[in-house]
Amino acid sequence: MLNRRLLLLSGFAAVALGVDRPDAATGLRKVGVLGSRRFDRDEPETAALIAELARLGYSEGRNLEFIDRHCGEALDRLDALAAELVNLKVDVILPTHREAIPAARRVTSSIPIVMIGSANPVREGWIQSFAHPGGNVTGNASSATEVEVKALELLIETLGKPKRLAYVVFTPFRQRPTVLEQIARLEATAGSAGVQLRTVDVPDGHALGKTFQSLADARTEGVMLHSFATKGLGADEVGALMRYRLPTIVQQREFVQAGALMSFTPNILEMYRRAAAYVAKVLNGAQPADLPVELANRFELVINLKTASALGLKIPASVILRADELIR
């Protein structure tokens, strides 16, 4: 009788605390992964996430299940895929693409959503504030504007005293508040350094070849690529843009491995590890509204020295010393 009463009390306590019960059929907690790319367990960031979850007591196959829904380049499918995850009654949704965050929010206001590296969640309306998210979304974020400003400063320092640079953005995002803020800050930063910054938009990555040719003809000395400007291109195709001999800074490390000059971005492995901590807290019963959103404070600079040499560019020692990785 005592044991029965204890079991009943523990059950009532779980309900009172808002703790979800494991899936009745499998005994596993469900993490719905929503993004553009397949949830590849061999990818370093995915491995970091899984390892951190295991350290925190949640191991795949023992008490945890990942349910993967990805759309490739068809971002308009994200809403439907998010709805599938809701119908499968996942315990938490983990968006691995920035556009997956609003897609998840459009289909659920109750299932916790853990962000990874959101660009500006307050301005986008996904949370009320960093300290008090106030809804079903939490996780970590980066200030996209600050990252882009720092990237521009690095490009200017790398090139010495350039006069003409270009910022290439994704046309559908051109009028978004975050992008407009970025452009204003970048133009101010460039102007203070005596640099003319031209903003160009492209409908997708397939237009970049023509854009780079036009920029090269206009004697542009370097290019910054907005993260979505390469939509539809693989890493090798982005690397091949160096045939236009325009030093380019990007946000994706894999593009530098494929031939782009530099990347500057929040440390993605750390962001995935921190996201794992949020997932574990949610699975343990914490409410997203009560979990302050973290702002990234670790960044990664990768430089392709082979590309620099091919471009006849000598990277200043001040930049080399700050690099986290040099590709030789």
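The values are calculated or read from the model by the stated rules, or taken from the named source; none is laboratory data. Here the structure is a predicted model, which means the values were calculated and not measured. With ideal geometry, Cβ positions are generated from the backbone for all residues, glycine too; neighbour counts draw on all protein chains shown. Side chains included, ligands, DNA and RNA excluded: accessible areas come from the protein's heavy atoms. Shrake-Rupley method; radii C 1.70, N 1.55, O 1.52, S 1.80 Å.
Annotations
- Couplings for the range 103-115, taken from phi via the Karplus curve 6.51 cos²θ - 1.76 cosθ + 1.60 with θ = phi - 60°, read 4, 5, 5, 5, 10, 8, 10, 10, 6, x, 10, 10, 7 Hz in order; Gly and Pro are left as x.
- Among beta bridges that DSSP assigns inside the chain, antiparallel share in %, nearest 5: 10
- Accessible surface, per residue, of the chain when the full set of protein chains is kept, probe 1.4 Å, Å²: 47
- Global form of the range 140-244, assessed from the alpha-carbon gyration tensor, a/c cut-off 1.5: oblate
- Leading residue at positive end of dipole, the chain (Cβ point charges), from ALA190, LEU311, ALA144: ALA190
- Placing +1 on each Lys and Arg Cβ and -1 on each Asp and Glu Cβ, with no other charges, gives the chain a dipole about its Cα centre of roughly 240 debye.
- Angle between the chain longest axis and helix 2-17 axis [Cα atoms, degrees, rounded to 10]: 30
- Along the range 28-38 the Karplus relation, 6.51 cos²θ - 1.76 cosθ + 1.60 evaluated at θ = phi - 60°, assigns HN-Hα couplings of 10, 7, 10, 10, x, 9, 10, x, 9, 9, 4 Hz to successive residues, with x for each Gly and Pro.
- Within the range 166-253, percent of DSSP bridges classed antiparallel, to nearest 5: 0
- Whole-Hz couplings from phi, Karplus 6.51/-1.76/1.60, listed for the range 49-55; x for Gly and Pro: 4, 5, 5, 5, 4, 4, 4
- Computed from Cα positions, the angle between helix 177-192 and the longest principal axis of the chain comes to roughly 40 degrees.
- Estimated inter-spin distance, ARG198 and ARG185, nm [label 7 Å along Cα→Cβ]: 2.5
- Near LYS163, once Lys and Arg are set to +1 and Asp and Glu to -1 for all other residues with Cβ below 14 Å from its Cβ, the sum equals +3.
- The H on the amide N of LEU261, modeled in the peptide plane, is under 5 Å from the matching H of THR248, each at least 5 residues off or on a different chain.
- Largest-first ordering by accessible area, 1.4 Å probe, given options ASP324, ASP76, ASP40: ASP76, ASP324, ASP40
- Whole-percent carbon and sulfur share, accessible surface of the chain, 1.4 Å: 52
- Net lengthening on full extension, SER129/LYS314 (0.36 nm per residue, minus Cα-Cα): 62.3 nm
- Amide hydrogen neighbours beyond the local backbone of ALA166, cut-off 5 Å, H modeled: ARG198, GLY222, VAL223, MET224
- Alpha-carbon centroids, the range 208-244 and the range 64-96: separation in whole Å: 31
- Share of pairwise Cα-Cα distances greater than 35 Å in the chain is 28 percent (whole percent).
- Helix 144-159 and the longest principal axis of the C-alpha atoms of the chain enclose an angle of approximately 30°.
- Set of lysines with alpha-carbon distance to LYS306 below 17 Å, sequence-local pairs under 8 removed: LYS314
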